[in-house]
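Structure first, commentary second.
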Amino acid sequence: MSDLTRYRAAGSDAPDSGSWGAWRAVFQRDLRIALRRRADTGSALVFFVIVVALFPLGVGPEFGLLRRMGPGVVWVAALLASMLALGRLFADDHADGTLEQMLLSPTPLALLVLAKTAAHWLASGLLLVLISPLLALQFDLGGEAAGVLFLSLLLGTPLLSLIGAIGAALTVGLRGAGVLLSLLVLPLCSPVLIFGAGAVEASQAGLGVTAHFSLLGAMLLAALFLAPLAAAAALRIALE
Amino acid sequence: MSWTRYAAPQRFYPLAGRAVPWFAGLALLLTVVGLVIGLLIAPTDHQQGEAYRIIFVHVPAAWMSMIVYLVMAFWAAVGLIFNTRLASMLAVALAPTGAWMTFLALWTGALWGKPTWGTWWVWDARLTSELILLFLYIGFMSLHASIDDERRADRAAAVLALVGVVNVPIIYFSVKWWNTLHQGASVSLTKAPSMATTMLAGMLIMALAFWMYCIAVALARTRVIILEREHGTRWARQLLGNS
C-alpha cells in the first residue's frame, strides 16, 4: 500500500515517470522484444510476400490483369499478414502475467494498449509498408500507383493494428484464438480495405486520391482514440 | 412495483412463458394475412411478373436483420454497463435470430436476383453490407461460444457488439461508395416506380409478422438460456422437478 502511494507520488512530480514514462517503457520494451525475436517478426513479412506471389501463379502472368488486380491483392495480403501478427500482441504478456501487472498499474490501461499497439505496428505493419513498392513492381503498377499504394498502406496498416488490438484483447487466452481473431476482425476491417485499395485504383484511373486518403486519415484518428479504450475494456473483461 | 422487477431471471421466466404464445400466435396470424394479400390479392408487377412476390419475405427479413442487430447491441450494452444478467441473456438469445434473418434476406435476395437480374449474386452495396452483417453476427456468436465462463462471454461479446454498431454505418457507406466507384452501369435495386397499395400493405403486415416472430423466438430462447444458467437455483430445480 505504502509502496503504491510512494510510486504514485513519484509519478506525479518526476517529469519522466507517470503516464508518459510508462508509455515509453512499454513501447521500448515491446520493440526490444520484437527485435530480439526476429523469426517471429519476420514471419508475417514473409507470409505477406508469399501470398502476393501466389496470385500471379493462380490467375496467370498477364500484365494487364495483374495491373488491375495488384492493389487489391497487395491490400488483402496485408490484411491477412497483419492478422497473423496480431495473435502475439497480448498472448505472451498474458501467459507470463505481465498483462495483469499492467492492469494493476496506475497508468490508464488504454495508454499502455496504445503503446503496445504502436510498437506492434512498427514491428509488423511498417515492414509490410516498406516492402510494398517491391511487390508493386512485380505487379507492374508504375511509379505513381506504387507511391499511392505505399502511402495508403502507411495510413491503413496502423488502422489494421488498432482495430486488430480490440480483437486480440477479446480473444486473449482463448482456445483457437487465431482463427477466432480473424473471424472477428476481418469484417470490421473491410472499410480500410475498400479505401486503401480504392485509392490506388483511383490513381490508376487518373482520378484524385485525396478523398480516399482523407477518409483513411479520419478513420485512423477515430480509431486512435476509440480502439485503445475498447481494447482496454476487453482486456479487463478477459482478466477479471 | 418498480420497472426493474422483471430484471430478475426468476420473475422474467414465467412472464416470457406467458408472452411467447401471444407473440407466436400473432406472428402466425399476420403471416397468413400477409401472405394471402401478397400472394393472392396483390397485382402482378408489370415489369417483374410474379417473381417480385418474394419481396414479402425478403424486405421484412432484411429490415429485421438490421433491427435485431441494434436491439442485440442495446441489450448487450445494458448488460455491460449495469451488469444485469438478463439483459446479456436477451442479447445472446437475439443473435441466432438476427443471423437467421440476415441469411434469409441474402437467400431470398439471391432467389429474387436470378429471374430479375439474371444472376444469383451481385456485388451490390446492400448485398455486400448484408453479407458483412452476417459475418458480424457469426463473430458475436462464436466469440460467445468460445469463452467458457458465461459472464465473461457475455461481456466480451457485448464489447464486440458495440464495436460492430460503431462500424456498421462505416461499413455501409464505404461499401456504397466502393460500389459506385467500381461499377458504372449496373443493376439497380430501385423499386418499381409506384407501388400498389395492396403490395405495400402486404409488405408492412409481413414486416409486423416478422417482428412478432423474432420477439417470440428470442423470448423462447431466453427462457432456455435462463434455465440453463440458473439450473443450480432452488426455483429452477423446483420448476424442472415439477414439470
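Values in this text are rule-based calculations from the coordinates and carry no lab data. On a predicted model such as this, the values are computed, not experimentally measured, just so you know. Cβ placement follows ideal geometry from the backbone for every residue including glycine, while neighbour counts extend to all protein chains displayed.
At a Förster distance of 41 Å, what's the computed FRET efficiency of residue A:175 paired with residue A:134, Cβ-Cβ distance as r, to 0.05?
Details: r = 37 Å, r/R0 = 0.91.
For R0 = 41 Å, the calculated efficiency reads 0.65.
Based solely on its DSSP helices, what 222 nm [θ] is calculated for chain B when runs of n ≥ 4 H residues each add -39,500 (n - 2.57) and the sum is averaged over all residues, nearest 500 deg cm²/dmol? Please list the in-between numbers first.
On the way: 7 runs with 185 residues, N = 243.
My calculation for chain B gives -27000 deg cm²/dmol from helical runs alone.
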- Whole Å is fine, so just give me how far the alpha carbon centre of the range B:115-137 lies from that of the range B:1-78. 22
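Give me a single rounded figure for A:179-191: the average over its residues of other chain Cβ atoms within 10 Å of their Cβ.
Numbers: counts 2, 6, 2, 1, 7, 10, 2, 3, 12, 12, 2, 11, 10.
Other-chain Cβ atoms within 10 Å of each residue's Cβ, averaged: 6.
What is the range A:2-239's relative contact order, in percent, from Cα pairs under 8 angstrom and six or more apart in sequence?
Working: 268 pairs, mean separation 58.1, N = 238.
Here the relative contact order equals 24 percent.
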- Task: Just report the Cα centroid separation between the range A:81-145 and the range A:174-210, whole Å.
- Result: 16
- Roughly how crowded by other chains is peptide B:88-96, in terms of the mean Cβ count from those chains within 10 Å of each of its Cβ atoms? 0
- Item | Karplus (6.51, -1.76, 1.60) ³J(HN,Hα), θ = phi - 60°, over the range A:125-135, in Hz, Gly and Pro reported as x | x, 4, 4, 4, 4, 5, 7, 4, x, 4, 5
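Count, for each residue of A:160-167, the Cβ atoms from other chains sitting within 10 Å of its Cβ, then give me the mean as a whole number.
Numbers: counts 0, 0, 0, 2, 0, 0, 3, 4.
Going residue by residue through A:160-167 and averaging, the value is 1.
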- Message: Let me check I've understood the local charge: for residue B:43, count other residues with C-beta under 11 angstrom from its C-beta, Lys and Arg +1, Asp and Glu -1. What total comes out?
- Response: -1
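How high is the relative contact order of the range A:9-117, given as a whole-number percent (alpha carbon pairs under 8 Å, six or more residues apart)?
On the way: 50 pairs, mean separation 41.9, N = 109.
Relative contact order here is 38 percent.
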- Note on the structure: Taking chain A and counting helices only, DSSP H stretches of n ≥ 4 at -39,500 (n - 2.57) each over all residues, the nearest-500 ellipticity at 222 nm comes to -29000 deg cm²/dmol
